[in-house]
Amino acid sequence: MENEIMENKDTESLGLKTVIVRYMHQWKLFLAAFLFSFIPAVLYLAFYPQTFDFVARIQIQEDKDVSVSGLGLGEAAGLMRSFGIGGSGVGVNIEDEIAILSSNWLFSDMIHELGINVEYTRPYSFFKLYHDAPLKLSADSASMAGLDSEYRFTVTVSGGKVKVKAKNRLEGWKEQFTFASLPAQIKAKGVEFTLDFDNGASIDHDFKLHIRCLPPNWVAEKFGEDFQIEDLSKSSNVIEMGCSDHVKERGKAMLNTLIEKFNANAKSFKRSRDEPMTAFVQLRIDSVLAELKDVETALEAYKTQHEMTLLESDVLFYTEQMKELQIKIVEMETQSYLIRMMDDYVKDPANRYEVVPSLMAGSVEGDRSGSSSSGPVLSYNQAIVERDRLLKSSNENNPAFKSMSIQVDKLRNGVYLAIENANKSCEMTLADLRAKEKKLLDKMKTVPALEHEYVSFKRRQEILQGIYLLLLQKREEMALSHGQDYEHVRIIDPAYILKKPVGPRKLYAAIGIFVLTLILPVGFLFAKSICAALREEYLRTK
């Protein structure tokens, strides 16, 4: 058995050696293939555009609300903290920020801003022109964003005239235009393009240009795959972005514009979130102030009627005994009042598709932090913002818009249920506190009956005063926040080009030469041997 294995190994070694020797005898063929393989390698190195890597780094800033709890507002600041409202920062979720940076609509916005979805090429050229194109094709933002197919244009400037051949293969549209001057309007199916000279070109110079206009979201899909967007480390808020391009100006412009659009979107979202809250707070301030004036007028009339000018000294004993209980009742009644205000706002038909102010979100969702990161109110607000964004970029017949409207209606029911549950919880707690209060009052038989009514007036006054100061504080916070120059993004490294080009790569050319040097001769010799074997077989059988 061992002898047979050794014989097989010797036979294989002998066969491999024979093949190698036979191929070495054809060294001229290998040399010719080696010389021939230089042709595609040289063409690759000569015609492949020099490509560079571009990198930019940004830091996501935390959206910290301005807190005025230390500006002398006294008890309102304490009441504010007791409900967890105001002065707390919103943490940064880097994965969410990366998802927004990588989103198709943000890339589409960047591409439309730079006009990258419109490609310009000269006849018989593989290179796309960027800023050096003699013509510029444009359309209004809504039309360009709504493109759903590709348009091709062949523009010929000759003899003082501009001839344009336009077509859309998907819709089967094809038409020719002739213009005596530019700018000119090209009316395609549902889209009106504007063609004009750029970079000092004029009708006096003859030239020909191919223009290809693609939907921005198509180009964004490709760019989204080519861009690298990732966090620098798991413990930081720094995001690194990178891309490759053979046009230096375009590579840097893409990264810088993407950062600019991302920051502008964050500012827009913050404004859309804060403006309804500001209006809501001012409305509640006016309402509470009117109610507070009514209570103070009634209290003054009550004291005058019953001659209670010095009752404060008598009530001191009662208030000291029930201080802790009263504080709890005031807090719960204030929270109940806030919940009712939220309930009135949500159930108002006029606010059906308005962002729900997050002032009392902590009270409704049971989150004492005042800035809950999840819950029905936040989910509903995010859906409303997304619905508004879809409405701005499309119309009400858009299937995505209808689907988002249905989702908003479903989420609104969750908000109703959260408000109802919070209200029931407050009522149960208040009932328990009032039962304890009644038990204390029953023990105080010596206290005049008028005292109880007076305390009720005072309690109502304190509740309204606390709510009024709380709302004033929130208004001041928002005013200071709006006055700040808010930047969601801090640019650490603007887009810059790396020193070493990434293409064309000499290594790829060397690998190509090596592979062709082996494949061509070996393939030729193998095919020749097969043909010879077949010929011998044919002659033998004949």
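The values are calculated or read from the model by the stated rules, or taken from the named source; none is laboratory data. All figures in this text were calculated on a predicted structure; none of them were measured in a lab. Positions of Cβ are backbone-derived with ideal geometry, glycine not excepted, and every protein chain shown enters the neighbour counts. We work out accessible area using only protein heavy atoms, side chains counted, and drop any ligands, DNA or RNA first. Shrake-Rupley method; radii C 1.70, N 1.55, O 1.52, S 1.80 Å.
Of all the residues in the range 215-258, those that are out of contact with any strand residue (DSSP E or B) (no Cβ under 7 Å at 6 or more places or on another chain), within 22 Å of Lys499 (Cα to Cα) and open to solvent by 60 Å² or more (accessible area, probe 1.4 Å) number 1. Residues in the range 143-181 that are aliphatic (A, V, I, L, M) and touching a residue at least 40 places away in the same chain (Cβ under 8 Å): Met144, Ala145, Leu147, Val155, Val157, Val162.
Inspect all residues belonging to the range 387-401 and state whether any of them is under 25 Å from Phe269 (Cβ atoms), acidic (Asp, Glu) and either surrounded by 13 or more Cβ atoms within 10 Å (Cβ to Cβ) or modelled with pLDDT of 80 or more (or both). Yes; the residues of the range 387-401 include at least one that is under 25 Å from Phe269 (Cβ atoms), acidic (Asp, Glu) and either surrounded by 13 or more Cβ atoms within 10 Å (Cβ to Cβ) or modelled with pLDDT of 80 or more (or both). Checking Lys174, Lys189, Lys163, Lys167 one by one, the residue that is among the basic types (Lys, Arg), modelled with pLDDT under 80 and more than 25 Å from Gly224 (Cβ to Cβ) is Lys189 and no other.
For the range 192-205, how many residues are exposed (fewer than 12 other Cβ atoms within 10 Å of the Cβ) and modelled with pLDDT of 80 or more?
Residues in the range 192-205 being exposed (fewer than 12 other Cβ atoms within 10 Å of the Cβ) and modelled with pLDDT of 80 or more: 1 in total.
For (1) open to solvent by less than 10 Å² (accessible area, probe 1.4 Å); (2) charged (D, E, K, R); (3) out of contact with any strand residue (DSSP E or B) (no Cβ under 7 Å at 6 or more places or on another chain), each residue gets a yes or a no:
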{"site": "Asn117", "(1), (2), (3)": "yes, no, no"}
{"site": "Asp132", "(1), (2), (3)": "no, yes, yes"}
{"site": "Lys163", "(1), (2), (3)": "no, yes, no"}
{"site": "Leu170", "(1), (2), (3)": "no, no, yes"}
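Lys187: open to solvent by 20 Å² or more (accessible area, probe 1.4 Å) and more than 25 Å from the chain's Cα centre (by Cα), yes or no? Considered against the rule, which asks whether it is open to solvent by 20 Å² or more (accessible area, probe 1.4 Å) and more than 25 Å from the chain's Cα centre (by Cα), Lys187 comes out as yes.
Condition check ((1) modelled with pLDDT of 75 or more; (2) within 32 Å of the chain's Cα centre (by Cα); (3) among the basic types (Lys, Arg); (4) open to solvent by less than 50 Å² (accessible area, probe 1.4 Å)) across all residues:
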residue: Ser272; (1), (2), (3), (4): yes, yes, no, yes
residue: Phe280; (1), (2), (3), (4): yes, yes, no, yes
residue: Ala301; (1), (2), (3), (4): yes, no, no, no
residue: Val315; (1), (2), (3), (4): no, no, no, yes
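When the residues of the range 406-418 are filtered to those that are touching a Lys or Arg at 6+ places or on another chain (Cβ under 9 Å) and touching a residue at least 40 places away in the same chain (Cβ under 8 Å), which remaining residue is surrounded by the fewest Cβ atoms within 10 Å (Cβ to Cβ)? That would be Tyr416. Checking each residue in the range 138-160 for being touching a strand residue (DSSP E or B) at 6+ places or on another chain (Cβ under 6 Å) and open to solvent by 10 Å² or more (accessible area, probe 1.4 Å) picks out Ser138, Ala139, Arg152, Thr154, Thr156.
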